[in-house]
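Working notes, structure below.
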Amino acid sequence: MHRLYFTLSIFVLASLLAGCAGNAIAQSNEVVLTDVPEKVEQTTSPEVVSKDPPADCPVTTNTTSFEAPAPYSPSAPWPTEFWYGSEYLWTALPTNGVWSGLPDNPEGYTQKIFWWSSLFSLKDELEPALVVFGERLDAKAPPLKVSRATNASAKDIGDAMLVGVDFPTLGCWKITGQYKKTGLDFVVWVAP
């Protein structure tokens with residue numbers, strides 16, 4: 001009797017294994033049609049931007065002789081930048097009017113912009129009342145993304161206000177800063 005059960009068990013087990021192996025073989029030999037994606041044509045051409053600003057982008061260059069008031073350095077602390085503005089609101093801009101090689105992230109091309117004012121007091125204004133916005137001048141573009149103003153302080157720059165901006169595209173951008181009823185505009189070329 002045990003021999004009969006043993007033989008039957010072996011037969012059932014062999015049948016199960018043969019069925020599994022058969023399915024594996026059948027599955028490996030089956031041809032499954034898949035959807036082959038068609039080649040997608042790009043609907044918009046990638047933006048090609050020169051590293052040099054075109055003539056129709058009026059970048060702000062060092063045409064003024066603004067010197068920051070004491071206790072700040074009379075000229076910008078970086079050799080490739082200059083002070084631009086008035087004693088009530090100024091910033092440091094590139095001498096050639098170009099911001100290039102900015103970090104690219106999903107939000108756009110990121111830049112930090114420092115702002116100074118003789119009216120700003122770091123100890124009294126931990127979150128400065130600075131408002132910054134921008135628009136692209138040479139083409140339509142989504143709006144400039146601007147962080148809330150914060151403060152910065154270092155030996156070479158003194159006390160400053162700071163915002164981070166994300167340019168959604170490269171191109172010619174006008175930036176406006178407003179602080180305590182004082183405004184300041186400048187134009188930069190954002191290049192690759």
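All of the numbers you see were taken from the coordinates with simple rules; none came from a lab. Just so it is clear, the model here is predicted, and its values are computed rather than measured. Neighbour counts run over all protein chains shown; Cβ positions are idealised from the backbone, glycine included.
Extent of the range 62-104 along each principal axis, from alpha carbon coordinates, in Å, largest to smallest?
For the range 62-104, the Cα spread along each principal axis is 35, 20, 19 Å.
Would you work out the Kirkwood radius for the range 66-192? I mean one over the mean of 1/r across all pairs of different Cα atoms, in Å.
Roughly 14.9 Å, rounded to one decimal.
Can you tell me the dipole magnitude for the range 81-191 around its Cα centre, using point charges on the Cβ only (Lys, Arg +1; Asp, Glu -1), in Debye to the nearest 20?
Dipole of the range 81-191, to the nearest 20 debye: 160 debye.
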